[in-house]
1. Kindly indicate the residue of region 106-152 that is among the small types (G, A, S) and crowded, with 16+ Cβ neighbours inside 10 Å and also nearest to R307 (Cα to Cα) among those meeting that condition.
2. In this structure, does R239 turn out to be out of contact with any Asp or Glu (no Cβ under 9 Å at 6 or more places or on another chain) and modelled with pLDDT of 95 or more?
3. Within region 278-291, identify whether any single residue is of a type in the set (A, V, I, L, M) and within 23 Å of R150 (Cβ to Cβ), and answer yes or no.
4. Filter region 92-107 for residues that are assigned to a helix (DSSP H, G or I) and closer than 17 Å to G224 by Cβ and give the result.
5. Do we have A304 as in contact (Cβ under 8 Å) with a residue 24 or more places away in the chain and in contact with a Phe, Trp or Tyr (Cβ under 8 Å, 6 or more places away or on another chain) here?
6. Could you please let me know if V155 is crowded, with 22+ Cβ neighbours inside 10 Å and either over 20 Å from the mean Cα position of the chain (by Cα) or in contact (Cβ under 8 Å) with a residue 12 or more places away in the chain (or both)?
7. So which residues in region 150-174 are of a type in the set (D, E, K, R) and within 20 Å of F185 (Cβ to Cβ), if there are any at all?
8. Considering only region 200-216, I want to know if a residue exists there that is surrounded by 18 or more Cβ atoms within 10 Å (Cβ to Cβ), under 20 Å from the mean Cα position of the chain (by Cα) and closer than 27 Å to N103 by Cβ.
Amino acid sequence: MKGQTIRDVAAAAGVSIATVSRALAPDKAARVAEPTRRRIHSAVEALGYRTNHTARSLKTRSTRTVAIVAPELANDFFMDLAEGMEGELDAHGYTLLIACSANSGEEEKKRFSVLTDRMVDGMVVIPAGARGEHLKVMAARGVPVVLVDRLVEGVNLDAVLSDNEAGAFELTRALLADGYRRIAFVGGDITISTARERLAGFGRALAEGGIRPEPDWIRLGGMGVEDGYRRMGAILNFRRRPEALVAVNLLVHLGMERRLLEDRRSGERNAMVIAGFDETAYTPFLPACRYTAVQDAAGMGKQAVRRLLELIALKRTQGGAEPAKETGGGRIIRLPVRIVRHRGGLF
């Protein structure tokens, strides 16, 4: 059967081609009266018509796609973020593309190149590294960009972040309120703004509690499971061990718990508790977990999409790109972090 065209739909519905085009465009459908829209959609269904998105993109210079570029996909936080984005994008007639930079600045650049070739309307980026010159170049070329979770040096772009310092401060203060004084900070690539902010919150809470942190108990390095595992192994070799630990993120926390479980199976009884960022469905099963700082990942995704769509609309009205900001800084939205208590400390 020959493919049906928009002209066929218009004839079947008794309207003009322009009216069909408006009725099928998510951002213009409201301009068409409801009875007419119903008639057009009935004709579309009866004829089996499918919109030619390639032709529409060439005409409108918009693919109605937005991409998220994340350092890794095996992370509940990033997937919750993507789900929040997808729900908001779907409400505005956009499709989400997902790409992974594998925590590599070079891979991130490659993903940007592929996505710009695909003519995405904009990108939400969780930066892989601390430098952002390539982000600056991309923004200057007219691709609307919003950062999430992390800031980068070299460019001032709009960003949606958690209140990382306040979250780490409250985690540490909760441990202090429970009577712990020997507290370590574990994990974190200090070149990443998220890790720096959380370490700052940890230090501020100790300072307000009149405690000077022991240098050996600040075990920085990495944001993954293996990093937490190795840092925890080093701590267990200390002659004088901390009583409690603050984990920079969920993956580091999981690595720490794994190392503690190994010690427990070998007969060791380490009475340590962990307070870490991010809550998941399996957090209650982590034996040492005493507190978590819950980020609103889905909310961050929605906020990032709303700002990105504003930038996309601004680009269209200006007939070009919003210039990358050289001074004054981009607009930064910070969402609050909620502290949840668990029953950790069974070692």
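The values are calculated or read from the model by the stated rules, or taken from the named source; none is laboratory data. For clarity, every value in this text was computed on a predicted model and none was experimentally measured. Here the Cβ is made from the backbone with ideal geometry for all residues, glycine too, and neighbour counts use every protein chain on show.
1. Start the filter on region 106-152 by keeping residues that are among the small types (G, A, S), which leaves 113, 122, 128-130, 132, 139-140, 142.
Checking the rest, the ones that are also crowded, with 16+ Cβ neighbours inside 10 Å come to 122, 128-130, 132, 139.
Working: G122: 11, A128: 21, G129: 23, A130: 22, G132: 20, A139: 15 Å.
The qualifying residue nearest to R307 (Cα to Cα) is G122.
2. It is false that R239 is out of contact with any Asp or Glu (no Cβ under 9 Å at 6 or more places or on another chain) and modelled with pLDDT of 95 or more.
3. no
4. Hits for region 92-107 are G105, E107.
5. The answer is no for A304.
6. Taking the combined requirement at face value, the residue satisfies it.
7. Those that are of a type in the set (D, E, K, R) and within 20 Å of F185 (Cβ to Cβ): R150, D163, E165, E170, R173.
8. no
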